[in-house]
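First up is the structure itself, then whatever we jot down about it.
Values quoted throughout were computed directly from the atomic coordinates according to the rules given, and no laboratory measurement underlies them. Being a predicted model, the structure only gives us computed values, none of them experimental. Glycine also receives a Cβ, built like all others from the backbone with ideal geometry; neighbour counts cover every protein chain displayed.
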Amino acid sequence: KIVEQLPQGLMYPNEVLKASVCYLYGKLYSSSAAALKLTDHFTNTLCELFLATLENAQTKELQINCMGLLKQLLKFDQFVSVIMNASTFNEDLENTPTLHAQMTLPFLLRKILLSREEFLQIASAQCIAAVLVHFQAKYAPSFILIDIPEFLFENLLCTSEVLIWSIYSCLILMTEERIFFTKCHTVYGIEAVLKSLKYVLQLNNMELQKQGLLLLTEILKRQPSEINLFTSTGIFKAATDVLQEAVSSSILEVAIEASKAMSSFLRKDHLSIPVQYGELEKLLNRMMERCSELSFTSLKRKSSKNLSKKEQNKSISRQGQFLTNVLECFHNACRLALDCKDYHIAHDNAFTAPSSKSTSTLQTFSLYLLKACDNFCIPLVLRYCEWTAVPATLERFFLFLMDMFAVLPNMKETFAVKLASASIIRFAMETKSTLCSVRRNANLNNACSDFLCHLCSIVWDVKSTNEVNSQTEVFDILKKSMIHIEGSVEGFISILLESPNTETEREILRYKQQALLIVACVAYLMEDRFISETDLWWTVQSFLHSLQSSGEKVPLFIIRAILYLLARSQDKCEALNIISVTMICKMLEDVPEVQDVYFHHPQFLKFFFKYPQLMEKYGYLIMKCWIHQEYFNKNESKTIVTKLNPAVQQMSMPITSIFHYCPQAILILLDLMVSGSEDLADKVFLILKAFLDEMDSFETSNLILDKFLQIFQDALVSSDLQGSVYLSIYLSIYLSINSIYLEKRES
């Protein structure tokens, strides 16, 4: 009965009494149980009367108590709906300002927000946020369409931390509505947000700083691409200044929020013209400096002494989150650079004087990203992964690396070779093994697999100088299978050892095996032995036997990989048996040209002269490939040299070392001289002279002299005017060999 009498107090023309009634209601509705019982009372009796009281309140006490009651009511869904749906005017009732409100709640809160009383502005912002928390999608347009965001932005330029926090909270909720952006409220308010953040970052209030950065992140992330947020270069620079200051915060949690905002900031749509690439570089530099302050190794060493287990895990998690955000920023910076390639006006600085060279161009920014990746990102991630591995971090890392291939296409080969030389293939395969097995972390597996596909196909193309159009085929094989390859090194070996049981399994398995052979081959080309030589030796032979038993044929690039891996593994393993050698010979019969499967490496040359059957059939062609690659591709002099320099001796070593255990190879070399060009004869002479100068065996020199004497005689018999140049070369070579022979005989 007391409750039934309370509404009469709100009708009494005394604001002191009304304030007391509102205070009592506030206490009643602060109890969830009482609020439930009083639902009908509020809906049928109190709602209209209360809104009228709030609208017409004049004294500070009544205003405070009304806002206090409103905040209590807005904690409950049912009251929010009733208040927001309350009629602005009921024609059936007497139009008395003291009994019925003329405004809906959004208009009332806007009116209060425009007051100069800070406590009322805070209460108004908090009430707006309370409504949006319950029914954001339903009621946010009601506030946005009456320009409340504009007044919220204006009130950001204050010094009250509570008011700033309340406004940040309101605006964050409003960013979920597209109309908030299409009405251009963010374009109007972004400068106020930046000024507010600049002030807040000077305070000792971590939560307020994080809230402000969260608002900035949401605006940057959700701003429609067709509406330019930064309408001048001055505002754009102000944004970079604020972000630099925020990411420099000594509080890691604030730096983490700042890095999220930076990630959203790095979009082509946010650029102002002319593009201030220098400011972007400063921003990324400051982020790198802040990240380098994180001491992963010292944390690992000291954590057990200085931190509890819970604190240690929390610290590790924060540092990992920051590193992930940093990589996300670099990834987005790469995407921005790629987007700007098709945006001609963003290539150069339009305000550079005609006689000056601009240092703020897309090209310089792209080079900066490549340098940052090489000198900062890669070492940092590898160091971080020495003591922990976070899937999200590594996913961003591999996406970033893959984008770098496209940022500077003319340098992708150099970049790929450098990456592979740093054992990145081993790192990627270990990542797949530890984090992607049993279908875990699908996004990481996709990123890692795509990176391996691009890296290996590029390096393969760089190293395959004799093979035409193989990069696309190699990439296709890797793309089909790399994502399905997981597990440890032992698992990789078991895949290579496996034989298909059915025709359906055959294609899938063979693609996997071929992909692994390519990856292993590229790794060994770059001295990255993630599979041991012994394991490779037996697994590759097993793969060969499996192909032989089923009568299958493989592409030329797979034959190249097989031969190269066997060649690189041979020194630490037993010799091939006659069956395996015969299989290799049979496989090579289907090769149109030997140079199609040739790799220029001393071990590759040695492999073909280690087995008589291979030497007899392919020694001549392999040696010809070697000499051509070693001498003619290195711009060596093509004239007869009488005195060998150290460089020539060094190039001759792989062939001359073969002569010591395989003298018959000398005869193949001499045959090359007979059937080859003048230039080839010149290079053969250099090799023979290098060998004879260090040779101790009289029998071998005698063998060479006899063979060459026969060659010289044949040349004399068949000579004509066109062959006179060859005769002079042969005579010079013969006299040199004979002189060495006589010296060896006398000694």
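With N set to the residue count of the range 408-599, report its C-alpha Rg divided by 2.2 N^0.38 Å to two decimal places.
Rg over 2.2 N^0.38 Å, computed on Cα atoms: 0.99.
What length, rounded to one decimal in nm, is gained on full extension from SER675 through to ILE146, with 0.36 nm per residue of separation minus their alpha-carbon distance?
181.2 nm
Which of ILE477, LEU419, VAL519 sits closest to the plus end of the dipole of the range 408-599, meaning its Cα is farthest towards the positive end, when Lys and Arg get +1 and Asp and Glu get -1 on the C-beta?
Of ILE477, LEU419, VAL519, it is LEU419.
Output ³J(HN,Hα) for the range 392-399: one whole-Hz value per residue in order, computed from phi by the Karplus curve 6.51 cos²θ - 1.76 cosθ + 1.60 with θ = phi - 60°, and x for Gly and Pro.
These are the phi-based 3J(HN,Hα) values: 4, 5, 5, 4, 5, 4, 5, 5 Hz.
Are there trypsin sites (Lys or Arg not before Pro) in the range 142-210 that DSSP marks as loop and that have at most 16 other Cβ atoms within 10 Å, and which are they?
Qualifying residues, ordered by number: ARG178.
In sequence order, what are the phi-derived ³J(HN,Hα) couplings for the range 208-217 according to the Karplus relation 6.51 cos²θ - 1.76 cosθ + 1.60 with θ = phi - 60°, rounded to whole Hz, with x for glycine and proline?
5, 4, 5, 5, x, 5, 5, 4, 4, 4
Can you pick out the pairs among LYS432/LYS479; LYS341/LYS432; LYS463/LYS610; LYS480/LYS606; LYS60/LYS138 whose Cα atoms lie more than 26 Å from each other?
Over 26 Å Cα-Cα: LYS341/LYS432; LYS480/LYS606; LYS60/LYS138.
Which of TRP537, TRP460, TRP626, TRP387 has the fewest other C-beta atoms within 10 Å, and how do the rest follow up to the most?
Fewest-to-most ranking of TRP537, TRP460, TRP626, TRP387: TRP387, TRP537, TRP626, TRP460.
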